[in-house]
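Notes follow the structure.
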Amino acid sequence: MILKIIGCWGIGTLIAFIFAGPLFRLIQLPLVKMSRELALGKEAMVLRSLSPPEVFLTSLKLSVLVGFLAALPAILYLTARFLVPALKPTEKRCLLPAFGLGTAFFLGGIIFAYWVALPLALRFFYTFTERLSVRPEWTIQYYLSMAGKLLLGFGLVFELPVLILVLARLGIIDHLWLKKKRPYVVVGIFILAAVLTPPDVITQLIMAVPLLILFEICVFFSRFFRGDRGE
């Protein structure tokens with residue numbers, strides 16, 4: 001199974017590397033959006049390369065990330081086939097919806113980061129840098145590093161509702177337990193946001209606030225998975 005997963009990921013990475021040019025333009029769209037909102041010139045936010053192999057190595061990193069996303073359905077399918085024989089009947093009934101919901105939330109987190117979180121973070125960094133009378137000149141390596149962390153980070157943390165709902169469905173937790181543990185969850189969300197995002201408060205808040213909202217939604221829906229026990 002592991003070899004098949006690596007093979008799917010490798011094929012996805014190879015295909016993504018072939019289309020590195022369009023992918024570069026796609027990943028720069030949030031930067032273009034930010035520059036238009038701030039009425040910057042076309043040359044104001046051109047990404048730079050500071051070393052000969054930088055663009056090539058950055059293309060490889062981008063291809064690995066996109067290859068994983070492209071191979072994700074196959075990876076989930078292979079993982080499900082491996083896990084099914086070891087699961088109980090109730091766990092098997094949760095597996096397919098969990099994988100489907102998990103994929104949807106993962107992609108939803110990436111889309112949210114791409115269209116909302118990344119442009120907001122870029123705008124904050126650009127205006128803050130200019131406010132200090134420093135000219136922003138960003139390199140492709142650091143831009144992709146930040147964008148990749150945000151996209152993957154949001155995709156992963158958006159899996160939290162799926163995990164909570166699956167545990168509630170299996171009877172491991174309920175809404176009363178979640179309410180009791182709310183202070184610890186809040187602290188954990190902010191720690192997780194600090195680990196998965198660049199080291200600045202704004203980006204961490206952009207990740208933490210949607211997670212807190214999703215957690216409260218899960219607390220509400222977990223009541224219906226096990227029934228109301230009287231608050």
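Every number here is computed from the coordinates shown, using simple stated rules; none is lab data. Computed from a predicted model, the values in this text were never measured in an experiment. Here Cβ is always computed from backbone atoms with ideal geometry, including for glycine, and neighbour counts include all displayed protein chains.
Can you give the FRET efficiency for TRP115 and LYS88, using 1/(1 + (r/R0)^6), R0 = 45 Å, r = Cβ-Cβ distance, to the nearest 0.05?
0.70
Given only helices, namely DSSP H runs of n ≥ 4 each adding -39500 (n - 2.57), what is the per-residue ellipticity at 222 nm of the chain, to the nearest 500 deg cm²/dmol? Each step should come with its number before you reach the end.
Working: 11 runs with 177 residues, N = 231.
After summing the helix terms and dividing by residue count, I get -25500 deg cm²/dmol.
Label the stretch 38-117 by shape, choosing from rounded, prolate and oblate, from the square roots a ≥ b ≥ c of the eigenvalues of the Cα gyration tensor; if a/c is under 1.5 it is rounded, and otherwise prolate applies when a/b is larger than b/c, oblate when it is not. Intermediate results must be reported in sequence, preceding the final value.
Details: a/c = 6.23, a/b = 2.20, b/c = 2.84.
Oblate, because a/c is 1.5 or more while a/b does not exceed b/c.
Any idea how far apart ILE213 and ARG131 come out in nm if each label point goes 7 Å out from Cα toward Cβ?
It works out to 2.4 nm between the two label points.
Taking R0 as 22 Å, what's the FRET efficiency between LEU205 and LEU60 from their Cβ-Cβ distance, rounded to 0.05? Write down the numbers at each step before the final one.
Details: r = 32 Å, r/R0 = 1.45.
Computed FRET efficiency for LEU205 and LEU60 comes out at 0.10.
Ranked from highest to lowest mean number of other Cβ atoms within 10 Å per residue, what is the order of the peptides 29-39, 154-164? Don't skip to the end; give the middle numbers.
Numbers: 29-39: 15.5, 154-164: 20.4.
Highest mean packing first, the order is 154-164, 29-39.
For the chain, what does the equivalent ellipsoid look like in terms of its semi-axes, each the square root of 5 times an eigenvalue of the Cα gyration tensor, given largest first in whole Å?
They are 36, 25, 12 Å, listed from largest to smallest.
For ALA39 and VAL187, what is the calculated FRET efficiency with R₀ set at 30 Å and r taken between the beta-carbons, to the nearest 0.05? Don't skip to the end; give the middle numbers.
On the way: r = 40 Å, r/R0 = 1.34.
Plugging the Cβ-Cβ distance into 1/(1 + (r/R0)^6) gives 0.15.
For THR139, list long-range residues whose amide hydrogen, built 1.01 Å from N in the peptide plane, is under 5 Å from its own amide hydrogen.
ARG48
Under a plain spin-label model, where a point goes 7 Å from the Cα along Cα-to-Cβ, how far apart in nm are LEU14 and LEU176?
5.6
May I ask for the angle, rounded to the nearest 10°, between helix 2-18 and the longest principal axis of the chain, with both axes built from Cα atoms and the value confined to 0 to 90°?
Once rounded, one gets 30 degrees.
Tell me, what are the semi-axes, in whole angstrom and largest first, of the equivalent ellipsoid of the stretch 2-77 as set by the roots of 5 times the Cα gyration tensor eigenvalues? Walk me through the numbers on the way to the answer.
Working: eigenvalues 183, 46, 12 Å².
With the √(5λ) rule applied to the stretch 2-77, the semi-axes are 30, 15, 8 Å.
Count the net charge of all other residues whose Cβ sits under 12 Å from the Cβ of LYS61, scoring Lys and Arg as +1 and Asp and Glu as -1. Mind dumping the intermediate values first?
Details: positive: LYS149; negative: GLU54.
That sum, taken over residues with Cβ under 12 Å, equals 0.
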